[in-house]
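Here is the structure we will look at, set down as structure tokens.
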Amino acid sequence: MKADEFQKAFALACRFLSDSIGCPKIYAEGVDIPDCILDGENCERENQWECWQSYFLDRVSNEQVCRICGCTQESACPGGCWWVEDDLCSSCSENINSQSTS
């Protein structure tokens with residue numbers, strides 16, 4: 001997949017989340033998203049997809065996230081996994097290795 005396709009997929013996912021469930025600040029405790037201002041249970045920002053973009057970009061800057069499946073230390077793969085590289089979990093590493101030997 002090309003970089004521009006990933007960028008479009010990221011934008012689409014953020015749009016889907018904002019249309020489906022609203023602003024991430026409503027659901028994620030302790031999340032500081034610049035320019036997202038809650039008024040009760042509603043975000044006052046017109047383009048809530050931008051809140052999702054900020055939320056995800058902040059997460060990948062501040063915690064380990066697998067570059068393949070998106071698992072984190074707090075949300076591991078089913079059955080568990082560990083870090084084999086800074087941005088690659090053991091489950092995805094095993095899948096890559098098994099595909100390259102096939």
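The values are calculated or read from the model by the stated rules, or taken from the named source; none is laboratory data. Given the structure is predicted, the values throughout are model-derived calculations rather than measurements. Backbone-built Cβ (ideal geometry, glycine too); neighbour counts: all protein chains shown.
Overview of values
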| quantity | calculated |
| --- | --- |
| Counted residues, segment 4-27 - those being under 17 Å from residue 70 (Cα atoms), surrounded by fewer than 12 Cβ atoms within 10 Å (Cβ to Cβ) and of a type in the set (Gly, Ala, Ser) | 1 |
| Inter-residue pairs, beta-carbon under 7 Å, first touching a residue at least 40 places away in the same chain (Cβ under 8 Å) and in segment 76-102, second hydrophobic (A, V, I, L, M, F, W, C) and part of a loop (DSSP other than H, G, I, E, B), 6+ apart | none |
| Those residues of segment 24-78 which are at pLDDT 85 or above, farther than 19 Å from residue 10 by Cα and touching a helix residue (DSSP H, G or I) at 6+ places or on another chain (Cβ under 9 Å), in sequence order | 76, 77, 78 |
| Residue in segment 79-102 that is surrounded by the fewest Cβ atoms within 10 Å (Cβ to Cβ), counting only those that are touching a helix residue (DSSP H, G or I) at 6+ places or on another chain (Cβ under 8 Å) and part of a loop (DSSP other than H, G, I, E, B) | 79 |
| Count of residues meeting criterion [within 11 Å of the chain's Cα centre (by Cα) and surrounded by 14 or more Cβ atoms within 10 Å (Cβ to Cβ)] in segment 46-59 | 7 |
| Matching option when the condition is of a type in the set (Asp, Glu) and in contact with a strand residue (DSSP E or B) (Cβ under 9 Å, 6 or more places away or on another chain), among 87, 35, 4, 58 | 87 |
| Subset of segment 23-71 that is of a type in the set (D, E, K, R) and not in a loop (DSSP other than H, G, I, E, B) - its residue that is nearest to residue 99 (Cα to Cα) | 59 |
